[in-house]
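These notes concern the structure reproduced below.
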Ligand SMILES: Cc1cc2nc3c(=O)[nH]c(=O)nc-3n(C[C@H](O)[C@H](O)[C@H](O)COP(=O)(O)O)c2cc1C
């Protein structure tokens, strides 16, 4: 096999560097400029049909973060007796997923998105309405409220993956977090953050910062031959 190029080496190094950071150094903050770059990697992420069915909430107020502590076992340090990602991350937040209210084929929201954001002409909008309608009703059967917000959540996970990779390339640590109670998180978003939860549901939480110490365990993965099949 030929030697890896510099870019290839950087990519693999970044993926090895990234680990699910449990405790961040609370004194090491990410600069605004670096975090803007992480957010831009998220914003430029691909989404199915280009619908961008996600929104990012960044929660920097320590008091506001505490609204999630009681029911966010994946972020509260419960397992290591620390303040967890909630209490130590430089940047903490959630990615919200769009609900059926906006993401049902033919919705007013989507007509406006096609026109204002994607700047599509009317005849192409008609094609999008037909293709997305068929996708929802037949191809993938994404019909119920739950199925539609789960589908939006899939897009949110791609967004977060790109944010974490961008961060790792800059030597910034991160943790994806789904260790939280969905229903209680939804209620907290509505009560304390003014989120219209008929339009938005929580998909995944995130934490970014700089590790307090090196990972406790080495990275383990299945071997390539068990992970990939070629035909
Ligand atoms: C969608 C998702 C949700 C996760 N939720 C949590 C979580 O709630 N708390 C946590 O500490 N780690 C969480 N993790 C981290 C995984 O446990 C971790 O990525 C996995 O064990 C592999 O370890 P590594 O990322 O350090 O290589 C999550 C990872 C993913 C992809």
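Bear in mind that the values in this text are calculations on the coordinates, not laboratory data. Treat the numbers as computed from the prediction; the structure is a model and nothing was measured. FYI the Cβ positions are ideal-geometry reconstructions off the backbone, even for glycines, and counts take in every protein chain you see.
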Could you put 56, 159 in order, starting from the residue whose Cβ has the fewest other Cβ atoms within 10 Å? 56, 159
Note on the chain: alpha-carbon gyration tensor, axes a ≥ b ≥ c; rule is a/c under 1.5 for rounded, else prolate if a/b larger than b/c, else oblate; result oblate
Exposure-ranked with fewest Cβ neighbours within 10 Å first, 150, 122 stand as 122, 150
Hey, rough spin-label estimate for residue 64 and residue 187, points 7 angstrom out along Cα→Cβ, what's it come to in nanometres? 2.1 nm
If one computes the Cα centroid of region 94-133 and of region 163-231, what distance in Å separates the two points? 27 Å
When you count, for each residue, the other Cβ atoms within 10 Å and take the mean per peptide, how do 124-136, 6-18 rank with the highest first? 124-136, 6-18
Burial-style ranking of 167-173, 203-209, average other-beta-carbon count within 10 Å with highest first, yields 203-209, 167-173
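Could you put 198, 165 in order, starting from the residue whose Cβ has the fewest other Cβ atoms within 10 Å?
198, 165
Do the sum for the chain: with -39,500 (n - 2.57) for every DSSP H run of n ≥ 4, divided by all residues, what is the mean residue ellipticity at 222 nm, to the nearest 500 deg cm²/dmol? Display every interim value, and only then the final one.
Numbers: 10 runs with 97 residues, N = 231.
So the calculated ellipticity at 222 nm is -12000 deg cm²/dmol.
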